[in-house]
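Working notes for the structure below.
Only the coordinates and a few stated rules stand behind these numbers; no lab work does. As the structure is a prediction and not an experimental result, all values here were calculated from the model. Ideal geometry is used to build each Cβ from the backbone, glycine not excepted, and the neighbour counts take in all protein chains shown.
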Amino acid sequence: MLVIDWSSFTPLNAALGGLVIGLATTLLLILAGRIAGISGIVGGLFRLSQGDMGWRIAFVAGLLLAPWLYRWVAVLPPVEIHASYGLLVLAGLIVGMGTRYGSGCTSGHGVCGLSRLSPRSIVATIIFITMAMATTYVIRHVIS
Amino acid sequence: MITQLIALISGIVFGIGLIVSDMFNPAKVLGFLDIAGQWDPSLIFVMAGAISVGFFAFRMVKQRGKTLLATPLYLPDSKMIDVRLIFGSMLFGVGWGIAGICPGPALVLAGSGYVEGIIFVIAMLTGMAIFEQLEKRRAMRR
């Protein structure tokens, strides 16, 4: 049985943030013709021969700058990261390899792919969310 | 030059969206992934919000066949649901479930100055570099 955590559930902020993310993907798509898939944008940086580094670097710079600009107008909300450095390294390595083999992550498949009703992205999204839930289950309820 | 500027603005707006929705917070994401604990469905609302805008954007450019600036579209053309897609997505899911961090939030966390975010991003870049090396070897074997 699902037990909803009503005290953490923030549907309004979530939907508002989602609209903002949708706006960002729309901007990149309708003006630059590119998919806002973050693993694809970053992964493409390893293919210098493609000769399209500029916009990739600019997009990544935007993501890195976002919290600084946010801080100008408001206090950055606190975050909680419980994973140890070792687990972060392991998770990062797996995410880097997995997103490249799978041609996308939460943004590329989950947001852009579902927006354009791509069967590949629908399959990928179901798989990675299921695996992530299974992994979280094992870590939180089996191992510890 | 204009493309770079658009990409920069899009990256900033995307990052702000991740902060507003609190999806750059790994504890928040794990709250969604942990369906056996106290479940926080917020992530579904983020996806729904983003897709409700993106759906119309994709429909519009597909009909036009080019961008509003009359430049070409670079849309993925693969339709194959193959082992690579399935295996890769499984791997990504495991990595995402370990720390509650995926590529976008990782970059925003690193930009915020969190050591954890910087470590994750370096590891992620290493994983991507390993992928490129394995791809090169695969291409040479053929």
Helix by helix, which DSSP H runs in chain B go 30 Å or more along their axis at the Cα atoms and have an average Kyte-Doolittle hydropathy of 0.0 or more? B:42-64, B:115-141
Using only Cα positions of the protein assembly as shown, each an equal point scatterer, no hydration layer, compute I(q)/I(0) via Debye at q = 0.06, 0.14 Å⁻¹ and quote the log10 values to two decimals. -0.16, -0.96
Determine, for each peptide in B:78-89, B:106-117, the mean count of other beta carbons within 10 angstrom over its residues, then list the peptides with the highest first. B:106-117, B:78-89
When chain B is modelled as a GNM with alpha-carbon springs shorter than 10 Å, which of B:75, B:18, B:91 fluctuates the most? B:75
Translational diffusion coefficient, Stokes-Einstein: compute it for chain A using the Kirkwood radius over C-alpha pairs as Rh, at 25 °C and 0.890 mPa s, and state it as an integer in µm² s⁻¹. 139 µm²/s
Treating cross-link reach as a plain straight distance, find the lysines whose alpha-carbon is under 25 Å from the alpha-carbon of residue B:136, omitting any fewer than eight places away in the same chain. B:79
Name the aspartates and glutamates eligible as straight-distance cross-link partners of residue B:28: C-alpha to C-alpha under 19 Å, and not fewer than 8 places from it in the same chain. A:5, A:80, B:40, B:116
When the helix-only estimate is applied to chain A (DSSP H runs of n ≥ 4, each -39,500 (n - 2.57), divided by the residue count), what is the mean residue ellipticity at 222 nm, nearest 500 deg cm²/dmol? -20000 deg cm²/dmol
Give the Rg/Rh ratio for the range A:32-116, taking Rg as the radius of gyration of the Cα atoms and Rh as the Kirkwood radius, to two decimals. 1.01
Build a GNM of chain B with springs between Cα atoms under 10 Å: which of B:55, B:24, B:32 gets the top mean-square fluctuation? B:55
Give the average, rounded to an integer, of partner chain Cβ atoms located within 10 angstrom of each Cβ in A:122-131. 6
Rounded to whole Å, give me the distance from the Cα center of the range A:60-125 to that of the range B:1-78. 10 Å
Label zone at residue B:36, where the point sits 7 Å out along the Cα-to-Cβ direction: the range A:125-142 residues whose backbone N lies under 18 Å: A:129-142
Within the set of other residues whose C-beta is less than 14 Å from the C-beta of residue A:53, count the net charge using Lys and Arg as +1 and Asp and Glu as -1. +2
Which of the aspartates and glutamates could be linked to residue B:62 by a straight reach, that is with a Cα gap under 20 Å, when you skip same-chain ones fewer than 8 residues away? B:77
By the C-alpha gyration tensor axes a ≥ b ≥ c (rounded if a/c is under 1.5, else prolate when a/b exceeds b/c, else oblate), the shape of the range B:50-142 is oblate
Partner shielding of B:68-74, as the mean number of partner chain Cβ atoms within 10 Å, equals 4
For residue A:83, list long-range residues whose amide hydrogen, built 1.01 Å from N in the peptide plane, is under 5 Å from its own amide hydrogen. none
